[in-house]
Amino acid sequence: MPQFIDTAKIWIRSGKGGDGKVSFHREKYIASGGPDGGDGGRGGSIVFQVDDNLSTLMDFRYKKKYTAPAGEPGGSKRCSGKDGKDLVIRVPRGTILRDAKSGQVIKDLSDSEPFVAARGGKGGWGNVHFATPTRQAPRFAKPGLPGQELEIRLELKLLADVGLVGFPNVGKSTLLSMASAARPKIANYHFTTLVPNLGVVSIGEGESFVMADIPGIIEGASEGAGLGHAFLRHIDRCRLLLHIVDAAGSEGRDPIDDLEKINSELGQYSIDLENRPQIVVANKIDLLGDNREPLEAIRKWAEEHGFAYAEMSAATNQGVRELMNQTWHALEQLPPVLVYEPEFIPEPADKPVTEDDIEITKDGEYYIVSGAWIDRVTGSVNFDDYESRQYLDRRLRAAGVFDKLEAMGIQDGDPVIMGEMEFEYER
């Protein structure tokens, strides 16, 4: 059986857009054919897709980095580069994507629609776009835009209508096996259930619900004791809780004390869970015979706390069908399974940049000009071409870069680092 992993952290990056092409039409008997460089292709996106064949985040235990391919550069004859292929990451239904830094919800993958978590960068324009009546042979093109980077925390929260809670060995797994087609491991010792088990309970034609057997919660679970701490998150979405209690006290515990302790743990984990609708289920009534005193005590406790009450013997199937019908009627009065709304909005890959983000610093004798705008402008220049260098000079002057450098006291011959190029300043 694969190990159950329900949290993981990964790093994703969508593909960079392909660079535009600098090219000129070449054909026999046609002189000065003009620019014909094509555009670069869009980079591949990172797409998350629900896969119902998956039930754990085990695939993300060792592979932590996911990078989509870049778009291909543009070609001659106005040919556009090929788009990068999207990278599809498959996850179990009910997986929540959170921004690793802020913890904000990016997407709750509870439906079957693919979700684009990081969109690929746009391809750069080829030099055909830069031809004007006065600049008929542009020898520069635009580079592709970078992709998006994001660190994501994956968190699996089971999608179940009903959650079975209670101390270990009270009969939760037995009830699940009796009420559905699920076949969880059952044995007479604590923590037989090591992972959450799901089963579909059919009431009638077109009437069914999903029930989850959550590994035993014990006192101190909200602080990490036992197995409960690791799996309490899986009842976050459950609309209704069936609180199973050993009415016969067959393991020497007091049923009322068990009820108090489990509800205390639920409240410490989440106040919302403490107030979640419950049916208190007295199990193992076959061991009580005609002794109704423990059952009446449990019923009274449930009524005092505003919970519904039921009794059964999961081992002998006594009262199981009645409990499932009661559960179905309760669910009909409750809102649908919780779906978390997105909170986090990532920056778009093609976010516009302006001259306002230019930053000029001095490190020793070097003047360093940096910023996203600088990177994009210098990335589109062919430094072997005089006209391209003149174009860059005009853009920098219009942005006030030279004025800022002179205000900082730069002199002729002082070294300047701008993007990936280094040069000596000249007025």
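For the stretch 283-427, give me the percentage of DSSP beta bridges that are antiparallel, rounded to the nearest 5 percent.
75 percent
Given 4 °C and 1.567 mPa s, compute D for the stretch 1-80 with the Stokes-Einstein relation, Rh being the Kirkwood radius over Cα pairs; round to the nearest whole µm²/s.
Rounded, D is 81 µm²/s.
Considering only protein heavy atoms, what per residue accessible area in square angstrom results for the chain with a 1.4 angstrom probe?
51 Å²
Counting only DSSP beta bridges with both residues in the stretch 1-152, tell me the antiparallel percent, nearest 5.
Taking every DSSP beta bridge within the stretch 1-152, about 65 percent pair in antiparallel fashion.
What lysines sit close enough to K28 to cross-link, taking a C-alpha to C-alpha distance under 24 Å and skipping anything fewer than 8 places away on the same chain?
Leaving aside lysines fewer than 8 places away in the same chain, those within reach of K28 are K77.
Would you be so kind as to identify which of C79, P336, I96 lies farthest towards the positive end of the dipole of the chain, taking Lys and Arg as +1 and Asp and Glu as -1 on Cβ and the Cα centre as origin?
Final value for the positive-end residue is C79.
Take the solvent-accessible surface of the protein heavy atoms, probe 1.4 Å, and return the percent of it on the stretch 1-127 that carbon and sulfur atoms account for.
48 percent
Just to confirm the filter: which chymotrypsin sites (Phe, Trp or Tyr not before Pro) across the stretch 23-58 are DSSP coil and have at most 10 other Cβ within 10 angstrom of their Cβ?
Counting only loop positions with at most 10 other Cβ atoms within 10 Å, the chymotrypsin sites (Phe, Trp or Tyr not before Pro) in the stretch 23-58 are Y29.
Provide the net charge surrounding G252, with neighbours chosen by a C-beta distance below 12 Å and charges set as Lys +1, Arg +1, Asp -1, Glu -1.
-4
Loop only by DSSP, 14 or fewer other Cβ within 10 Å of the Cβ. Give me the trypsin sites (Lys or Arg not before Pro) in the stretch 285-314 that pass, ordered by residue number.
R292
When the dipole is taken about the Cα centre of the chain, and only Lys, Arg (+1) and Asp, Glu (-1) are charged at their Cβ, what size is it in debye, to the nearest 20?
The calculated dipole for the chain is roughly 1760 debye.
Out of all DSSP beta bridges in the chain, what portion is antiparallel? Express it as a percent rounded to 5.
Antiparallel bridges: around 60 percent, rounded to the nearest 5.
Hey, with R₀ at 60 Å, roughly what FRET efficiency would R394 and N291 work out to, going by the Cβ-Cβ distance, to 0.05?
0.05
Would you report the distance distribution of C-alpha pairs in the stretch 101-168 as whole percents per 5 angstrom bin, up to the bin with the largest distance?
3, 10, 12, 12, 10, 9, 9, 7, 7, 6, 4, 3, 2, 2, 2, 1, 0
With each run of n ≥ 4 DSSP H residues scored as -39500 (n - 2.57), what mean residue ellipticity at 222 nm is computed for the chain after dividing by its residue count and rounding to the nearest 500 deg cm²/dmol?
Value at 222 nm, helices only, nearest 500: -5500 deg cm²/dmol.
Check I89: other-chain or 5+ apart residues with amide H under 5 Å from its amide H, H built from backbone geometry?
Result for I89 returns V47, F48, Q49.
For the stretch 290-360, give the percent of accessible area contributed by carbon and sulfur heavy atoms, probe 1.4 Å, rounded to a whole number.
Ligands and nucleic acids excluded, carbon and sulfur reach 51 percent.
First measure r as the distance between the Cβ atoms of E424 and V105, then evaluate 1/(1 + (r/R0)^6) with R0 = 41 Å and state the FRET efficiency to the nearest 0.05.
Here the calculated transfer efficiency is 0.20.
Hey, got the Cα dimensions of the stretch 241-323 along the principal axes, in Å, largest first?
37, 28, 21
Given H placed on each backbone N at 1.01 Å, which residues far from S208 in sequence or on other chains put an amide H within less than 5 Å of it?
For S208, the qualifying residues are I203.
Principal axis lengths of the stretch 232-276 from Cα atoms, whole Å, largest first?
Cα extents, longest axis first: 31, 17, 15 Å.
Run through every distinct alpha carbon pair of the chain and return the Kirkwood hydrodynamic radius in angstroms, one decimal place.
26.4 Å
The values are calculated or read from the model by the stated rules, or taken from the named source; none is laboratory data. None of these values were measured; they are calculated from a predicted model. Note that we place each Cβ from the backbone using ideal geometry, even for glycine, and neighbour counts take in every protein chain shown. When the accessible area is computed, the model is the full protein with side chains, heavy atoms only, and any ligands, DNA or RNA have been set aside. Shrake-Rupley method; radii C 1.70, N 1.55, O 1.52, S 1.80 Å.
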